[in-house]
1. Identify, please: which residue in region 97-112 is among the hydrophobic types (A, V, I, L, M, F, W, C) and surrounded by fewer than 13 Cβ atoms within 10 Å (Cβ to Cβ) and is, among those, farthest from GLN135 (Cα to Cα)?
2. Is it true that ASP58 is at pLDDT 90 or above and either outside any helix (DSSP H, G or I) or out of contact with any helix residue (DSSP H, G or I) (no Cβ under 8 Å at 6 or more places or on another chain) (or both)?
3. Which residue out of GLU76, GLU28 is closer than 30 Å to GLY115 by Cβ and either out of contact with any Leu (no Cβ under 8 Å at 6 or more places or on another chain) or not small (Gly, Ala, Ser) (or both)?
4. Can you tell me which residues in region 136-165 are among the polar types (S, T, N, Q) and at pLDDT 85 or above?
5. Kindly indicate whether SER71 is surrounded by 10 or more Cβ atoms within 10 Å (Cβ to Cβ), modelled with pLDDT of 90 or more and of a type outside the set (D, E, K, R).
Amino acid sequence: MEEPNVQQNNTPVSEPEPAPEKTFTQAEMEAIIGKRIAKTMKGMPSEEELSAFRAWKDSQQTEKERWDNLSKERDETKAALAAAQTELTQYQREKFLLDKGVSAGEVDFYAFKIGKLVTEDLPFEKAAENYLKEQKERGPAMQVDFAAPLGGGERPQMTLNERINQKLRGC
């Protein structure tokens, strides 16, 4: 427990009485609040300035959205154009090969193989002529018989002539 405040001569000292709370009138309170609001609002834009800023911001967002949409459409159009050009090039190459006498079943294969030979200096047409010329010089390609043997799973006996031809062809 605390000891009461005592002076040196052992006489008790009285505690200071608390000051009564200050009361304000309504007018004083409004003046104080008004001053604080004015101090806080100093440097802040007015309601008209805020609405003008919001309108400008909305117009900028609209411009940005319009720009984004135009960019997106441009990119989609570029992709579609590139795909169409690739398809057109493929058709032109196939037509060229068909005109050169390549069979319809082999056109895709030839177009693929010749397409690998194309460079900046060697266009498709020249590469195709060179490739077709090489193929003619090699002779006909070896043909593979994919037919299933008949009659119990055994192949018929080959004649001597057929066996010699097969050895010569390297089969």
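The values are calculated or read from the model by the stated rules, or taken from the named source; none is laboratory data. Fair warning: this is a prediction, and the values are worked out from it, not measured in the lab. All Cβ positions, glycine included, derive from the backbone under ideal geometry; neighbour counts span all protein chains shown.
1. ALA104
2. no
3. Going through GLU76, GLU28 in turn, the sole match is GLU76.
4. Once the filter is applied, which keeps residues that are among the polar types (S, T, N, Q) and at pLDDT 85 or above, region 136-165 yields THR159, ASN161, ASN165.
5. yes
Rundown of residues vs (1) more than 20 Å from the chain's Cα centre (by Cα); (2) under 30 Å from GLU134 (Cα atoms); (3) assigned to a helix (DSSP H, G or I), yes/no style:
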residue	(1), (2), (3)
ILE32	yes, no, yes
LYS35	yes, no, yes
SER51	yes, no, yes
GLU65	no, no, yes
ALA83	no, no, yes
THR86	yes, yes, yes
THR89	yes, yes, yes
GLN92	yes, yes, yes
LYS95	yes, yes, yes
